[in-house]
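Only the coordinates and a few stated rules stand behind these numbers; no lab work does. Worth saying up front: this structure is predicted, and the values here are computed from it rather than measured. Reconstructed Cβ throughout: ideal geometry from the backbone, glycine too, with neighbour counts over all protein chains shown.
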Amino acid sequence: MTGSKTAVPAIKTTHLTYTFPETNKVGLYDINITLPRSSRLLLVGPNGAGKSTLLKILAGQKLIKQGSIELNGGNPFAFDYAEKQRCGTITYLGTEWANNGITQRDIPVTVLIDSVGGNVYPERRDMLVNLLDLDISWRMNSCSDGERRRVQLCMGLLKPWDLLLLDEVTVDLDVLVRFRLLGFLKKECEERGCSVVYATHIFDGLGDWPSQIAHLSGGCIVEQYAIDDIKYVDGSEGGVVKKENSIEVQKAHSLYPLALNWMADDLKLRGERTEDKTRPKFEELSKKTTEMYYDDKARITDYFKTTRTTK
Ligand SMILES: Nc1ncnc2c1ncn2[C@@H]1O[C@H](COP(=O)(O)OP(=O)(O)OP(=O)(O)O)[C@@H](O)[C@H]1O
């Protein structure tokens, strides 16, 4: 994507309505979103509101028959390849990956990261490994839920995206890794002009993260604000005062800063992964583990063939 495209919205949906084909139930109704590039949109809504449905539609996983969608000026459902390409790189990260049994097998982390192009973006890979605090000698079958999630994020964020769709994938991260991740996403949007849509039920640390916030309920967007329209005020917890064009939110009492502080102390005591001088470089370990994992080249080729759909 080029800088000249900055005037084109990252997302433009017009009268988007989605009906589940299996049941004819309306999942989304008349969704109109215009999201400028470099935005971070936070989607808020109760279970069943339609957040995942919206993200999957934007990711091109569900076909819409009513209304229209443009992503970075392109039509994600176009038959024309060049038109589709105008959408740029759209990355969707949902909870399904870490829950998939295949990702819990005895696979070295280096093999997974290499399989999505770790060696194409070596600097970005090493930065993400450190940011997400990955131990590159991990094997997937002995990872905790949060560690497995961090591997998913490292793989998913490796290729620079134009639009990132995050569906609750931060729920099992510790507060420090989540804090660092949110900071990285914000910096990416500001520096590269890319955008993020993030659906979550966890609001710690999000006070000044989004640029927009939308309230989705029953498949409809019922309210949306730019972050500048939200004022944090002192007062008793839990209160919200709606003004004509803005909203006052009372500051919450939260243990979040304490947990963040404790985890930062833990990291200081242990040290960053990059400070461990005994740690092998990614390439060295990758070569060793990959050779052990696949004993010859033909098996690697066969393995990757099984991971791709064939025509
Ligand atoms: N294939 C389907 N057929 C019919 N209804 C479906 C289908 N898939 C999802 N739904 C329903 O659509 C609604 C929206 O689901 P969705 O997963 O988008 O909600 P959500 O806002 O992401 O919820 P959560 O916060 O629980 O993740 C739910 O009521 C769900 O049961």
Expressed in nanometres to one decimal, the distance between label points 7 Å along Cα→Cβ at residue 23 and residue 102 is 2.7
Protection proxy (average C-beta count within 10 Å per residue), highest first, orders 163-172, 270-279 as 163-172, 270-279
Log10 I(q)/I(0) at q = 0.23, 0.27 Å⁻¹ for segment 130-188, from Debye over equal alpha-carbon scatterers, is -1.01, -1.34
Contact order relative to length for the chain, counting C-alpha pairs under 8 Å separated by 6 or more residues, stands in percent at 21
Taking the chain, the whole-percent share of alpha-carbon pairs separated by over 25 angstrom is 56
If R0 = 25 Å, then residue 141 and residue 116, at their Cβ-Cβ distance, give a FRET efficiency to the nearest 0.05 of 0.85
Checked segment 1-67 against the a/c 1.5 cut and the a/b vs b/c comparison, axes a ≥ b ≥ c from its Cα gyration tensor; verdict prolate
D (µm²/s, integer) via Stokes-Einstein for segment 17-111, Kirkwood Rh across alpha-carbon pairs, 10 °C, 1.306 mPa s: value 101
Here the relative contact order (percent) of segment 43-129, from C-alpha pairs under 8 Å and at least 6 apart, is 15
Rounded to the angstrom and largest first, Cα extents along the principal axes for segment 220-276 equal 54, 27, 21
Plugging the Cβ-Cβ distance of residue 263 and residue 78 into 1/(1 + (r/R0)^6) at R0 = 35 Å yields, to the nearest 0.05, a FRET efficiency of 0.20
Note on the chain, DSSP bridge orientation, antiparallel percent to nearest 5 equals 50
At q = 0.11, 0.12, 0.18 1/Å the base-10 log of I(q)/I(0) from the Debye formula over the alpha-carbon atoms of segment 136-294 is -0.61, -0.72, -1.36
In segment 171-296 the DSSP beta bridges are antiparallel at a rate, in percent to nearest 5, of 70
Taking the chain and counting helices only, DSSP H stretches of n ≥ 4 at -39,500 (n - 2.57) each over all residues, the nearest-500 ellipticity at 222 nm comes to -10000 deg cm²/dmol
Contour minus Cα-Cα span, residue 223 to residue 279, at 0.36 nm per residue, comes to 15.2 nm
